[in-house]
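The values are calculated or read from the model by the stated rules, or taken from the named source; none is laboratory data. Keep in mind the model is a prediction, meaning the values are calculated, not measured. Neighbour counts run over all protein chains shown; Cβ positions are idealised from the backbone, glycine included. Ligands, DNA and RNA are stripped out before the accessible areas are found, and what is left, the full protein with its side chains, is counted by its heavy atoms. Shrake-Rupley method; radii C 1.70, N 1.55, O 1.52, S 1.80 Å.
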Amino acid sequence: MKRPKIVDIRATTVAVPLEAPIRHSNGAHWGKFVRTIVEVETDTGIIGLGEMGGGGQSAELAFAGLKDYLVGHDPFEFEALWFKICNPTASLYNNRTQLHAAIEFACLDIVGKTLDIPVHDFLGGKLRDEVGFASYLFFRYDHNERGGEVRTGEQLVAEARRMKDRHGFTSHKLKAGVFPPDYELDVYRAMAESMPGDSVRYDPNASHSVEDAIRFGRGIEDLRNDYFEDPTWGLNGMRRVREAVRIPTATNTVVINFEQLASNVLNPSCDVILLDTTFWGGIRPCIKAAQICDAFQLGVAVHSSGELGIQLATMLHLGAVLPNLVFTADAHYHHLMDDIIVGGLMPYRNGKIKVPDKPGLGVELDRDKLRQYAQYYQEFGGYPYDRDPGRKGWFSLVPNTRWADPAVSIEDGKLA
């Protein structure tokens, strides 16, 4: 077997439509996800696929800038890859963790295709054939024929029911931090109580003050909560909430590297670490982190950062090999209208998605879709993640004290 060497890296920005603009504590996704699709080509003719959130000229130039580091690199050499891109002292000035993740995805894909085995086979072996997901519900704006508004308790209950009926979810997560805490408390309780027997989780994106988070947490202690995700900002803030509320705390914001994980082990703030294959820098760092969590009896779950099919495949391979995965995973995936992989959107069955078994990541790029959604991005551009299309000039505070008005409803069919 000839060991491959990297000869080229190509990055393409795409925008893929969502059912509707979805809101969060910092702003919104304005009716689409913007992602960067990465292709790593080797001298053996194998092309590995990667993906990163965001895009545009800056992202594409960043990947082009890695060619000097990586042309000639052996994709099997993952530890060297980490230090070439993410050397800790160099990263003090130029954090490339998410760039590394996309390249690592592609190198894993190359290795699997070279060996003719799926990625999970050389990451420890598959422990499950399917990975379960939560419904991941959002407050959202109406988008006419694509998707309706979610603002009130009645609308959220209806949306949760639609998702359960359509995809079979038995766990339901509300991405929140949009409206005042008391309002969201009532809405969240209505959703949870409408799903008897199912588990629920609440994530206000660290927008609450510690005091509001404690009050909110005590108001939901009787529900079947998986965990209380990022109710406030910072390790010490999370620690104060954890000490005052009888629900496991979880994070994907304040424990996303090994130094933070060590701090959390020494002085616990978070009970469940949400492993994101992009934020942690790849699948392999997530597995290392999961092993540490297992040693110290911390829970783990698979986090979502707004994936298309390539990154979803990395989440599935990660979920397949983790022995201590006891929670359903997050995914934005069911909010998408389409995908850039052959076959389109992967289907849910009883709230689960099958782990790919083809060589590498197990997904193939649909070249026509790549061109279509690259053109869509060129035509409509990106969007400011930290702004809300319904609140001109607004920006978030931490802790947030400028909540959206739950009585205000807008319709904006112009959002592309």
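Structural remarks
- Cα-projected label distance for ARG349 with ASN94, points at 7 Å along beta-carbon direction, nm: 4.6
- Cross-link reach list, lysines versus LYS5, counting only Cα pairs under 16 Å and skipping chain neighbours closer than eight places: LYS67, LYS84, LYS113
- Segment 25-102: C-alpha gyration tensor shape, a/c 1.5 cut-off, then a/b vs b/c: oblate
- With Cα atoms defining each centre, segment 127-201 and segment 247-322 are spaced 23 Å apart in the structure.
- Summed over the residues of segment 302-391 and divided among them, the accessible surface reaches 39 Å² per residue at a probe radius of 1.4 Å.
- For segment 208-275, the Kirkwood estimate of hydrodynamic radius, built from reciprocal distances between every pair of different alpha carbons, is 11.7 Å.
- Using the rule -39500 (n - 2.57) for each DSSP H run of four or more residues, divided by the residues of the chain, the 222 nm mean residue ellipticity is -10000 deg cm²/dmol.
- Accessible area (Å², 1.4 Å probe, nearest 10) - SER58: 90
- Shape summary of segment 127-252, radius of gyration then Dmax from alpha carbon positions: 14.7, 46 Å.
- Just the protein heavy atoms count here, and of the accessible area of the chain at 1.4 Å, carbon and sulfur take up 51 percent.
- Whole-Å semi-axes of the chain's equivalent ellipsoid (Cα gyration tensor): 33, 25, 20
- Packing rank of 22-33, 68-79, where each peptide gets the mean count of other beta carbons within 10 Å, highest leading: 22-33, 68-79
- For segment 7-91, accessible area per residue (1.4 Å probe, heavy atoms of protein chains only), Å²: 33
- Remark: the ASN236-ALA64 segment gains 58.0 nm on full extension, using 0.36 nm per residue and subtracting the alpha carbon distance.
- Size-normalised alpha-carbon gyration radius of segment 43-178, reference 2.2 N^0.38 Å: 1.45
- Per-residue packing, averaged as other Cβ atoms within 10 Å, sorts the ranges 44-50, 250-256, 307-313 into the order 307-313, 250-256, 44-50, beginning with the highest.
- Highest mean packing comes first when the peptides 388-396, 329-337 are listed by Cβ atoms within 10 Å, giving 329-337, 388-396.
- Averaging Cα coordinates gives a centre for segment 1-46 and one for segment 56-123; these two points are 14 Å apart.
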